[in-house]
Amino acid sequence: MPFDTISVVGLGYIGLPTAAVFASRKKKVIGVDVNQKAVETINRGEIHIVEPDLDIVVRAAVSDGFLKATISPQPADAFLIAVPTPFKENHQPDLAYIEAASKAIAPVLKKGDLVVLESTSPVGATEKMAVWLAEARADLTFPQTHGEQSDIRIAHCPERVLPGQVLRELVSNDRVIGGMTPACSTAACDLYKIFVNGDCIITDARTAEMCKLTENSFRDVNIAFANELSIICEELGINVWELIRLANRHPRVNILQPGPGVGGHCIAVDPWFIVSTSPDEARLIRTARQVNDSKPVWVLDKVKIAIAEHLQDNPAKAIKDVTVACLGLAFKPDIDDLRESPAVEICRELASLHVGRTVAVEPNVHELPAKLRESLTLLDTQTALLEADIIVLLVDHKQFKAIPREVLHGKKFVDTRGVWTSQVSR
Ligand code: SAJ
């Protein structure tokens, strides 16, 4: 099936790299986004998100005339929907962006078009999208009513790329493709083969949706296991980092690393989509979420204890004179993404609880986001280490791993990533 023009709806962390990669294969790509500023930025050949090398690929795609961004959908042969799927207050999935995107592209659909949902979605979302499209276009036929003979082909193909390695993983990762019918799957496979070097494996839409949720829940459950171990070990006076290293010497054990909690917009969100469809059955998945979500509170308690111990050691000092430095704000090492970061949550809470000074160090950003600016000061590593009485290591950035433990002499510290505490001398 030839795809001369491809439209990518949603030009964020997934949509923009995907659009750029299609364009780099000399396909005409129409990128659609509701954010006028993002559209203008892209049309200047620039980018509004941070991802290594993406600027180069987008600049080339725009200057060669293969990528154009717009706020209003235009006709294309394939539409790829990559909009956010957050959850609401009660952890129920919010499909409003998918619904809006479906309604936006419906008027420009024509017989023979393919629509692929890439957004991570609860099971059944692709079928819902098909219903929204059909409601808007009674003149066209859809797979849910006309099967293999439908005018429009519909599939789900979840993205699985790791932030920071998006361009490489987009091309090299295998893709799970779930068409609403076999013809839908074949069409979607043809589309992805334009740039995917990995295997394109065909299944149905519901299995593809569940597959993505399963991958991220698997990771969440495994991180929860490590986080729970770290809490148990603290109680028992055991070094959790050494314990995990030793247990991982077993040929069939591979425990992940504990931390201050789980951040990002995927692993902390997607398991709830399984819980939302199977609330009584998804007991382990729900508990893992609760364990990981409660870890920042545990870290805060440890900081409070460190402050109390520091005051005990320095009876002449008042609590308002105690400076706490939080090292790291990003949701994982060596990136600048602060969204849904447990480190941000801990810093913010600390700044509001602690009457003394709270400072933050984040070598990957130049300024703090507005919500943190009022309560926190951003310092460089050296100044923070010099000024702080208590050091809270929240992200294992390269720069922090290079800090020798001797520098911390005489200071109290809470090391949530095992940067200074993982080695035990016996
Ligand atoms: N984390 C730990 N301990 C670990 C590993 C991770 O505490 O041993 C924490 C990180 O610090 C971070 C969070 O988990 O706060 C998530 O980081 P991550 O590197 O595990 O994952 P993401 O969110 O960057 O990307 C994940 C990936 N999914 C899997 O590895 C199964 C990626 O492949 C997906 O494409 C992405 O979610 C997504 O978009 O869904």
Sorted by chain and number, the residues with a modelled amide H under 5 Å from that of residue 412, at a separation of 5 or more or across chains, are 391
Output for the range 290-364: trypsin sites (Lys or Arg not before Pro) sitting in coil per DSSP, at most 16 other Cβ within 10 Å, listed by number, reads 317, 339
The relative contact order of the range 309-349, taking Cα pairs under 8 Å that sit 6 or more residues apart, comes to a percentage of 26 percent
Partner lysines whose C-alpha sits under 24 Å from that of residue 411, ignoring same-chain residues fewer than 8 away, are 295, 302, 304, 317, 320, 398, 401
Here, GluC sites (Glu not before Pro) of the range 285-375 satisfying both criteria (DSSP loop; at most 13 other Cβ within 10 Å) are 367, 374
Expected vector for the range 227-240, Karplus 3J(HN,Hα) from phi with 6.51, -1.76, 1.60 and θ = phi - 60°, integer Hz, x for Gly and Pro, equals 5, 5, 4, 5, 6, 4, 4, 4, 4, 8, x, 10, 7, 5
Of the range 108-140, those with amide N under 16 Å from the point 7 Å along the Cα→Cβ vector of residue 146 are 108-115, 130-140
Long-range amide H partners of residue 80, meaning residues 5 or more apart or on another chain whose placed amide H is closer than 5 Å, are 7, 8, 9, 116
Between residue 99 and residue 190, the two model label points (7 Å from Cα along the beta-carbon direction) sit apart by a distance in nm of 3.3 nm
Among 91, 106, 126, the residue whose Cα sits farthest towards the positive end of the charge dipole of the range 56-139, when +1 is placed on the Cβ of each Lys and Arg and -1 on the Cβ of each Asp and Glu, is 106
Filtered hits (aspartates and glutamates, Cα-Cα < 13 Å from residue 412, offset >= 8 within chain) -> 309, 313, 387, 389
Whole-Hz Karplus couplings 3J(HN,Hα) for the range 70-77, θ = phi - 60° and coefficients 6.51, -1.76, 1.60, Gly and Pro as x, run 8, 9, 10, x, 10, x, 7, 8
Computed for the range 5-198: size of charge dipole around the Cα centre, +1 on C-beta of each Lys and Arg, -1 on C-beta of each Asp and Glu, debye to nearest 20, value 400 debye
Sorted largest first, the Cα spans of the chain on the principal axes come out in Å as 80, 47, 38
Residue-normalised 222 nm signal for the chain, counting each DSSP H run of n ≥ 4 as -39,500 (n - 2.57), nearest 500 deg cm²/dmol, is -12500 deg cm²/dmol
Going through 103/193; 27/110; 128/212 one by one, the pairs whose alpha carbons sit over 22 Å apart turn out to be 103/193
Quotient of Cα radius of gyration and Kirkwood radius for the range 1-117, i.e. Rg/Rh, equals 0.98
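Restricting to Cα pairs below 8 Å that are 6+ residues apart, what does the relative contact order work out to for the range 250-415? Please round to a whole percent. Mind showing how you got there, number by number?
On the way: 247 pairs, mean separation 40.7, N = 166.
Contact order relative to length: 25 percent.
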To the nearest 20 debye, the chain has a Cα-centred charge dipole, built from +1 on Lys and Arg Cβ and -1 on Asp and Glu Cβ, of 420 debye
Here the gain from full extension of residue 165 to residue 290, 0.36 nm per residue of separation minus their alpha-carbon distance, amounts to 42.2 nm
With x for Gly and Pro, the residue-by-residue ³J(HN,Hα) of the range 376-385, computed from phi through the Karplus equation 6.51 cos²θ - 1.76 cosθ + 1.60 at θ = phi - 60° and given in whole Hz, is 10, 10, 8, 10, 7, 4, 4, 4, 4, 5
Most fluctuating of 170, 236, 311 in the GNM of the chain (C-alpha, under 10 Å) is 236
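Only the coordinates and a few stated rules stand behind these numbers; no lab work does. If you're wondering where the values come from, they're calculated on a predicted model, not measured in any experiment. Every residue, glycine as well, gets a Cβ built from its backbone with ideal geometry; the counts of neighbours run over all protein chains shown.
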